[in-house]
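The values are calculated or read from the model by the stated rules, or taken from the named source; none is laboratory data. Remember, it's a predicted structure, so these values are computed and weren't measured experimentally. Every residue, glycine among them, receives a Cβ derived from its backbone with ideal geometry; neighbour counts consider all protein chains shown.
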C-alpha cells in the first residue's frame, strides 16, 4: 500500500468541513458484507431497545475488526465515525466521507472535531462512534484513555452508549496484524446513561464509569474461555511490545520466532501456550503477557522519576500526510526526544515541498501537549514508526536505529504528559 501523493499537494485537510449522513445504498452494501463477516459473532444488547438517535457511542479498539463490529452492532442505524487521516488516504475522501467518517489527527486537540460531532448528533440526528483509545491494543489490554471523556459526554448532552468486543485483538494482534487467527468474537452494546442521568452526574463520575466499561484483558478472556490458538507462528512479533527482558532487564534484545520469545543477552526463552500465556522453558514459571507489558510501563516511569532517561537522537526517514491525497516523501532527517519533548529535523528543509508547508522546521512537540504518540510496528511494510502530528499535517517517522523502541517511546510520552499535568 504505497498511497503516495504524486502531486505533492500539501494543502491541509479541511477539518471544518461538515460531515454528512451515510449514503444509504453504501450503508446497505456495507451492512450486507458485515453480516457475512460477523455471522459467527455472539451479540448482546442491553438497554438499546427503543433508543433513538442522537446518542454517543464509545467503543473499545482492540484491532482492525472493530471497524466491522461497530456498524454491525448499530444496524439498522446509520452513524458517523471519528477517523484518522489514513482512512481518507486509503479509501478516498468521497467514499470515506459518505461512509459517515469525520476526520481527525490523533492526539491533536481540535475544536473543529467537537463541532462536527455536535453537528452529526443534533443536525444529522445520527449516532456518533468514537474509539477513544485512538490505537489498536499493543498487548491485549486497554490503551490509555483521554482524561476528558467525562467532560465531553457532559458537553454533548446526549445518551451514552458503550460498545465492547472480545476477540478482535486475538484475531489480529497489533504486532502481527497481517496474519489472522480464527477466533469466535463477541460484542456487547449497552446504553449506560440517558441524557437526564448525565446531567445529574459529575464529569469525574462519568469518566470513572467509562474507564470501567472500556476495560479489557484479552489474554485473561482467552484463558477464562479456554480459547486455543494453536498456529505455529503465534508468538512471532511479540518482541515488539515486549521489548525488555523481564529477567536481565536489557532493552532491545528480545526476539521472537514461531511459538518462542527469547532474549539474546541472557539466553532466556519463553514459549507461548495455546491459551496465550508465556512459560519459561527452564523454570516452567508462567507469565501473563499484560503483566510483562505493564512492568515495562512501570520501568519507563521509574527512569523518568529517577532522572535516568537519556532520550534519543537518531537518523530517520520522514513522510508527510497533509490530506486525503496520500503521503509525500520529505526525505531524511533526525529525531530527538528528551523530557521536554520531540524535535523533528529535515535535512533539506529548503526544498519546494518543505517551503509549501505551513509548519516551520525543526518541529517541536512539547511533552505537556502530547497525551501519547501514535506507534506502528510495521506500517505499510516499511518498519517501525511513530507519527507526530500538527493541526495541518501528520509526520510519519521511520528509523532502523536500535534506540528507536517505539513501545518505550509510547510509555515515556504518556508518563511525561501525566507528570506535566500533575505539576499544573
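Selection of segment 209-234 for residues being touching a residue at least 24 places away in the same chain (Cβ under 8 Å), out of contact with any helix residue (DSSP H, G or I) (no Cβ under 7 Å at 6 or more places or on another chain) and assigned to a helix (DSSP H, G or I) yields 211, 213, 220, 221, 223.
Only one residue in 188, 199, 181 is over 30 Å from residue 50 (Cβ atoms), surrounded by fewer than 21 Cβ atoms within 10 Å (Cβ to Cβ) and assigned by TED's automatic domain parsing to the domain that holds residue 101. Which one?
Only one candidate qualifies: 181.
When restricted to residues that are farther than 17 Å from residue 255 by Cβ, surrounded by fewer than 21 Cβ atoms within 10 Å (Cβ to Cβ) and without any contact (Cβ under 8 Å) to a residue 60 or more places away in the chain, segment 400-417 contains 0.
Taking each residue of segment 24-44 that is closer than 18 Å to residue 164 by Cβ and not assigned by TED's automatic domain parsing to the domain that holds residue 69 and looking for partners that are surrounded by fewer than 13 Cβ atoms within 10 Å (Cβ to Cβ) and modelled with pLDDT under 70 with beta-carbon atoms closer than 9 Å, six or more apart or interchain, yields nothing. Per the conditions (1) assigned to a loop (DSSP other than H, G, I, E, B); (2) within 19 Å of residue 391 (Cβ to Cβ), the sole criterion not satisfied by residue 138 is (2). Among the residues of segment 263-279, is any at pLDDT 95 or above, in a helix (DSSP H, G or I) and in contact with a helix residue (DSSP H, G or I) (Cβ under 7 Å, 6 or more places away or on another chain)? No: segment 263-279 contains no residue that is at pLDDT 95 or above, in a helix (DSSP H, G or I) and in contact with a helix residue (DSSP H, G or I) (Cβ under 7 Å, 6 or more places away or on another chain).
In summary, strands (runs of 3 or more DSSP E) completely within segment 281-399 and bearing 1 or more residues that are surrounded by fewer than 18 Cβ atoms within 10 Å (Cβ to Cβ) and touching a strand residue (DSSP E or B) at 6+ places or on another chain (Cβ under 6 Å) occur at 312-321, 328-338, 341-346, 363-366.
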